[in-house]
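Before any comments, here is the structure.
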Ligand SMILES: NC(=O)c1ccc[n+]([C@@H]2O[C@H](COP(=O)([O-])OP(=O)(O)OC[C@H]3O[C@@H](n4cnc5c(N)ncnc54)[C@H](OP(=O)(O)O)[C@@H]3O)[C@@H](O)[C@H]2O)c1
């Protein structure tokens with residue numbers, strides 16, 4: 001029987017790859033709803049291509065455009081917060097959560113509260129409100145399957161043994177566009193250069209997070225919540241070929257790793273089928289043709305965001321929420337050409353060290369969003385002083 005599916009962030013990079021998976025396995029899915037931010041034309045096209053029953057845009061002002069673009073198709077639609085929440089409330093076997101940034105938290109959490117199985121790409125949900133989110137998932141018996149290629153690989157690798165026998169779980173990083181650049185060169189790099197990722201084609205925010213390596217830091221925090229592994233048992237390894245995505249080193253010295261060509265359709269298809277592997281007509285990994293896989297340590301002197309994220313994970317409490325919020329504001333300012341590359345880490349560091357919210361991890365999603373709001377306000381106040 002076809003699985004019913006709702007896609008949050010349907011017009012983005014992950015959303016488009018999800019659409020490709022759905023179309024490649026047409027008989028396996030019925031798309032219930034698609035959700036986007038503000039691009040009415042793109043969402044309408046996606047809804048039509050996928051035969052969705054409902055389309056929702058977060059931006060209320062784009063509602064008339066969406067209605068017009070879907071006129072005569074029979075696809076119901078709405079715009080604004082209530083329309084997004086209606087989309088996640090509609091019956092679906094699985095909700096693919098791929099809105100970018102903390103904007104994804106409320107709809108993803110609403111889907112979880114409705115008991116929907118979650119295929120999770122939106123790592124910021126877990127970084128901002130991981131304890132509350134996972135506690136609700138456990139209480140409601142909701143399964144979360146990771147879409148991030150590293151976490152999807154770890155999910156499978158971890159099933160080879162027991163949690164207590166894990167010595168280290170390692171996620172890999174391609175190293176981003178600045179892996180071989182000097183600090184002086186990186187300092188002068190603009191957002192266009194930072195967005196030129198050597199391996200993955202992604203949305204704008206995650207592109208910058210990959211260039212600063214904050215993305216890897218956010219992923220460590222995500223892994224901590226998903227797999228119940230403390231900071232000491234999590235690590236990052238730079239692997240430019242992006243073939244090995246996650247490795248688990250066991251207490252007997254054995255290592256279990258997850259490998260695949262770098263194509264998000266692989267983990268997406270896997271997550272949409274609850275971790276079950278179904279045929280995908282994609283190129284196969286040919287290790288002999290690749291010949292060499294290389295690995296190196298991350299250089300935290302050039303990529304201080306990774307150090308900051310590790311420190312936030314280690315500190316726990318509200319620190320990951322604060323780090324994530326400050327990072328979103330700093331990345332926005334960098335993308336707007338207002339601040340330089342290293343001002344991102346400087347703003348994040350200042351907000352983390354001066355925020356008064358520290359303390360306990362937010363127990364609920366609204367608590368997390370309140371802390372997130374305070375940290376954003378603090379970060380916004382720091383931007384003018386860093387202006388270039
Ligand atoms: N791209 C990857 O390869 C990759 C890999 C692993 C994990 N992820 C994670 O997946 C998430 C999405 O990444 P992405 O690269 O797909 O981002 P993206 O290309 O920027 O797409 C973001 C999507 O979210 C929608 N959106 C933005 N704000 C919204 C809001 N307030 N309410 C509802 N929808 C909103 C956008 O719609 P509009 O276009 O209309 O604004 C778009 O559909 C991120 O959390 C990222 O870290 C991505």
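Here, each number is a calculation from the coordinates, and none is a lab measurement. The structure displayed is predicted, hence computed values, not measured ones. Reconstructed Cβ throughout: ideal geometry from the backbone, glycine too, with neighbour counts over all protein chains shown.
General observations
- Relative contact order [Cα under 8 Å, 6+ residues apart], segment 244-388, whole percent: 20
- Peptide packing for 54-67, 73-86, 211-224 was compared via the average number of neighbouring C-beta atoms within 10 Å per residue; ordered from the highest value, the list is 211-224, 54-67, 73-86.
- Ranked by the mean number of other Cβ atoms within 10 Å per residue, highest first, peptides 230-236, 265-271 order as 265-271, 230-236.
- Likely footprinting exposure, 48, 192, 386, fewest C-beta neighbours within 10 Å first: 192, 48, 386
- The stretch between residue 388 and residue 180, if pulled fully straight at 0.36 nm per residue, gains 72.4 nm over its current Cα-Cα span.
- Residues 241, 32, ranked from the fewest to the most other C-beta atoms within 10 Å, line up as 241, 32.
- Rounded, prolate or oblate (a/c below 1.5 giving rounded, otherwise prolate when a/b exceeds b/c) for segment 297-339 by Cα gyration tensor: oblate
- Computed over the chain: relative contact order in percent, which uses C-alpha pairs under 8 Å that are six or more apart: 15
- Packing-based exposure ordering (other Cβ within 10 Å, fewest first) of 342, 334: 342, 334
- Whether segment 213-264 is rounded, prolate or oblate, judged on the alpha carbon gyration tensor where a/c under 1.5 counts as rounded: oblate
- When the chain is treated as a Gaussian network with alpha carbon springs shorter than 10 Å, the biggest mean-square fluctuation among 187, 150, 349 belongs to 187.
- Residue with peak Gaussian network fluctuation, the chain [Cα springs, cutoff 10 Å], from 351, 331, 255: 255
- For the pair segment 316-371 and segment 69-147, the centres of their Cα atoms are 23 angstrom apart.
- When the helices of the chain are scored as -39500 (n - 2.57) per DSSP H run of n ≥ 4 and the total is divided over every residue, the value at 222 nm lands at -14500 deg cm²/dmol.
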